[in-house]
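The values are calculated or read from the model by the stated rules, or taken from the named source; none is laboratory data. Just so you know, these numbers come straight off a predicted model, no measurement behind them. Positions of Cβ are backbone-derived with ideal geometry, glycine not excepted, and every protein chain shown enters the neighbour counts. Side chains are part of the model used for accessible areas, which takes the heavy atoms of the whole protein and leaves out ligands, DNA and RNA. Shrake-Rupley method; radii C 1.70, N 1.55, O 1.52, S 1.80 Å.
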Amino acid sequence: MPHPAGLTAVNVLDASSLLGAFGAIGIAIVLFAETGLLVGFFLPGDSLLFTAGLLCVSDTGGPVHLSLPQVLIAAVAGALLGAQVGFVIGRRAGRALLSRSHHERLHAGARRAEELLERYGHAKAIVLARFIPIVRTVLNPLAGALGVPTRTFTTWQAAGGLVWTVGLVLAGYALGSSVPNVDRYLLPMVAVIVVISLIPLALELLRSRRAASQRR
């Protein structure tokens, strides 16, 4: 159970801090905000899911222990509901929602999301976006604004959301179950997950810059 005192010192950018303060319900809230609300693009979805899986292992000896079924339910619910809400917001508010933001990373994510939709088509782009930070935040409202059919979006965002959430949680759980005293290595492992999750975005930014240079 989260300690009440932790609520006053929670760091929303730190997966361990979030989980210690809010437990499984915090996972649902963070994933809902990250995938459904543009203001949540900075939240640590990947590291949160992986860390939650680690903390479900009973013998880690850490200060926080989570229930694997509760974590899986919270993760799936937050990710799927958030994406659907983001889609509805995009359908109703359109591009005006993005134009109000002056954050360059958000607009870069929007450009990447549009490229994904053009290059891979709706189904594959919606699934792939789940694994790319920032892009998974902006693609959902962008899909709504671009008129992606509701049934198509719902089907593939659910498929991608299930693979993303369940896959990362179970990866963390499997590692925690196989490595003794895994809590000692928690911070380095979370750092590695954050770096790995940013690789697709970094590669795409590099590709975009090279393409822009060639056009010039």
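Just a few scattered comments:
- For region 55-71, the set of residues classified as open to solvent by 40 Å² or more (accessible area, probe 1.4 Å) and either at pLDDT below 85 or not in a helix (DSSP H, G or I) (or both) consists of SER58, ASP59, GLY61, PRO63, HIS65, SER67, listed by residue number.
- Residue check, ALA74 open to solvent by less than 20 Å² (accessible area, probe 1.4 Å), closer than 12 Å to GLY23 by Cβ and modelled with pLDDT under 90: no
- Only one of the listed residues (ALA5, ALA52, ALA33, ALA21) is assigned to a helix (DSSP H, G or I), among the hydrophobic types (A, V, I, L, M, F, W, C) and modelled with pLDDT under 70. That residue is ALA5.
- Of all residues in region 103-121, none satisfies being open to solvent by less than 20 Å² (accessible area, probe 1.4 Å), modelled with pLDDT of 85 or more and among the aliphatic types (A, V, I, L, M).
- In region 114-154, the residues that are β-branched (Val, Ile, Thr) and more than 18 Å from the chain's Cα centre (by Cα): VAL148, THR150, THR152
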